[in-house]
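The values are calculated or read from the model by the stated rules, or taken from the named source; none is laboratory data. Predicted model, so just to flag it, every value in this text is computed and none were measured. Note that we place each Cβ from the backbone using ideal geometry, even for glycine, and neighbour counts take in every protein chain shown. Surface accessibility is based on the protein's heavy atoms, side chains included, excluding ligands, DNA and RNA. Shrake-Rupley method; radii C 1.70, N 1.55, O 1.52, S 1.80 Å.
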Amino acid sequence: MLNRVGKVERTTKETSVSVEIDLDGTGQVNVHTGVGFYDHMLDQLGRHGLFDLTVKTDGDLHIDTHHTIEDTALALGAAFRQALGDKKGIYRFGDCTVPLDESLAQVTVDLSGRPYLVHTEPENMAPMIGTYDTTMTRHILESFVAQAQIALHVHVPYGRNAHHIVECQFKALARALRYASERDPRAEGLIPSTKGAL
């Protein structure tokens, strides 16, 4: 059985990012971006997706966190796509609904080869969680989707606490990605598409 591991290094004048993901891991996570809350969210992604995930980002945090967060998400999406390989034998679709106290996130994913994001969350959230700009959640998902080439629908119908609103999205995303990328024992060697390619 082939290892499903993706490894991407991305270097610009703004950031240096290294990401490695193993889709068939046990949720071992080693993440350091310099943005504490973002590290916490990537930890959720690895642990609840059962992905082994290593992320090391050095970014221009003296400006703000934007480039660090964005470039990490781009590299993560590229690594995820690489790890999927030819997508033979996977379920392709996955969904998960996760509550976190007063907040609820509903996530549905299609590992389609076509990037598309639909994202809704409560308005008037607190603007910051530590050094994390809460408007970046959508941008993280946009960046991830663009590189992973997946269709992703994320809906938070309600929630009050910004920490909870963001965290339940990452937990639900982790589970939906896990379910979609897992191997279907009834479809071994088959591409889950009538087109014959994803």
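Would you mind telling me which numbered condition in (1) open to solvent by 40 Å² or more (accessible area, probe 1.4 Å); (2) of a type in the set (S, T, N, Q); (3) at pLDDT 95 or above; (4) within 18 Å of I90 (Cβ to Cβ) S181 fails?
(1)
Can you confirm whether E188 is open to solvent by 10 Å² or more (accessible area, probe 1.4 Å) and under 19 Å from L45 (Cα atoms)?
No: the conditions fail for E188.
Give the residues of segment 15-28 that are closer than 15 Å to A83 by Cβ and among the hydrophobic types (A, V, I, L, M, F, W, C), sorted by residue number.
V19, I21, L23
May I ask you to list pairs of residues, at least six apart or on different chains, whose Cβ atoms are under 8 Å apart, with the first in segment 120-141 being among the charged types (D, E, K, R) and the second being part of a loop (DSSP other than H, G, I, E, B) and surrounded by 15 or more Cβ atoms within 10 Å (Cβ to Cβ)?
As it stands, the answer is E121/G159; D133/T65; R138/E121, since those pairs meet every condition given.
How many of the residues making up segment 147-177 are open to solvent by less than 50 Å² (accessible area, probe 1.4 Å), touching a residue at least 40 places away in the same chain (Cβ under 8 Å) and either assigned to a helix (DSSP H, G or I) or charged (D, E, K, R) (or both)?
14
Could you please tell me which pairs satisfy a Cβ distance under 9 Å, a separation of 6+ or placement on different chains, a first residue in segment 178-198 that is on the phi > 0 side of the Ramachandran plot, and a second residue that is of a type in the set (D, E, K, R)?
Pairs found: G189/K88.
For segment 120-135, enumerate the residues that are in contact with an Asp or Glu (Cβ under 8 Å, 6 or more places away or on another chain) and buried (at least 16 other Cβ atoms within 10 Å of the Cβ).
Scanning segment 120-135 gives a single hit, D133.
Considering only residues that are surrounded by fewer than 18 Cβ atoms within 10 Å (Cβ to Cβ), under 17 Å from the mean Cα position of the chain (by Cα) and under 18 Å from D60 (Cβ atoms), which ones fall in segment 11-26?
Answer for segment 11-26, where residues must be surrounded by fewer than 18 Cβ atoms within 10 Å (Cβ to Cβ), under 17 Å from the mean Cα position of the chain (by Cα) and under 18 Å from D60 (Cβ atoms): just S18.
Just a yes or no: is a residue in segment 106-127 over 17 Å from the mean Cα position of the chain (by Cα), modelled with pLDDT of 95 or more, aliphatic (A, V, I, L, M) and farther than 16 Å from A174 by Cα?
yes
Go through segment 94-119 and count every residue that is open to solvent by less than 40 Å² (accessible area, probe 1.4 Å) and at positive phi.
1
Residue check: is L53 in a loop (DSSP other than H, G, I, E, B) and among the aliphatic types (A, V, I, L, M)?
Criteria not met by L53.
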